[in-house]
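The values are calculated or read from the model by the stated rules, or taken from the named source; none is laboratory data. If you're wondering where the values come from, they're calculated on a predicted model, not measured in any experiment. Cβ placement follows ideal geometry from the backbone for every residue including glycine, while neighbour counts extend to all protein chains displayed.
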Ligand code: PMP
């Protein structure tokens, strides 16, 4: 495997960075996770735009322009002969000293890993996921805006640990007022009749790129798609619940905190959105 690191493609074993890199010392950096399907990179421009937005907010200068980044991603796939892949695009503050002053970091570190996609087990999609809400609240936008896709994922990791400790695979995180935000690496949706609802970004959720694609597919299916404040009560009484994310795509949810959702099996709206999403990935993308 060849990894792009600061301007060169190097062997995986040579793709190493300094222990003084602030991406490691402080989680000071930003990233994107991207998918390619049969040689088409899904929503590549949207991912690169989001990377630049995260970088702008944390005042990190990405050492390449947008077009150059697009090309590095495409090259990473070509050089590794990958058509169906998961791509990790990372920019860190770079090497500095032991203090957190970002001015000491003279050159950002940029790397791109393209690897075979680790698919989630099929039974997750066949049977659906069981979720629990956890005590760890989602970061509030006023302190650390979840729109910044930063290398510091401890908020999400703490929630994930709670879910795992309780015997579950994934956690629902709430806002400080107890509203539903998102899961540790996926957005959440509720289906109620012909309504397709998902929490608004201001409550503290990442504006997922899959979330947006699914909202557009829902509108095309003439669903009433809305961003709305959701409580756990809304989840418990939904017809269907599902999660969206680049890696997971669309995952049906069949129980929340021990309450069965709808019929307790993946529902028809979730299934039809999964079908439309699969078709979209076949036609919508930047060619490798
Ligand atoms: N929420 C969080 C916290 C995430 O980390 C992610 C992606 N990894 C998502 C939602 C889903 O976003 P996307 O559809 O852009 O992958």
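Listing for the model above:
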{"quantity": "Residue among 31, 42, 52 that alone is farther than 24 Å from residue 116 by Cβ and in the same structural domain as residue 103 (by TED's automatic domain parsing)", "calculated": "52"}
{"quantity": "Selection status of residue 29, within 21 Å of the chain's Cα centre (by Cα), within 16 Å of the ligand (Cβ to nearest atom) and in contact (Cβ under 8 Å) with a residue 40 or more places away in the chain", "calculated": "yes"}
{"quantity": "Of the criteria (1) surrounded by fewer than 16 Cβ atoms within 10 Å (Cβ to Cβ); (2) within 17 Å of the chain's Cα centre (by Cα); (3) in contact (Cβ under 8 Å) with a residue 40 or more places away in the chain, which one residue 157 fails", "calculated": "(3)"}
{"quantity": "Out of 211, 226, sole residue that is under 24 Å from residue 46 (Cα atoms), buried (at least 19 other Cβ atoms within 10 Å of the Cβ) and at pLDDT 95 or above", "calculated": "211"}
{"quantity": "Yes/no for residue 88 being farther than 17 Å from residue 113 by Cα and outside the structural domain of residue 277 (by TED's automatic domain parsing)", "calculated": "no"}
{"quantity": "Residue match in segment 185-196 (condition: free of Cβ contacts under 8 Å to residues at least 40 places away in the same chain and surrounded by fewer than 18 Cβ atoms within 10 Å (Cβ to Cβ))", "calculated": "yes"}
{"quantity": "Residue within segment 60-68 that is in contact with a helix residue (DSSP H, G or I) (Cβ under 6 Å, 6 or more places away or on another chain), free of Cβ contacts under 8 Å to residues at least 24 places away in the same chain and more than 16 Å from the ligand (Cβ to nearest atom) present", "calculated": "yes"}
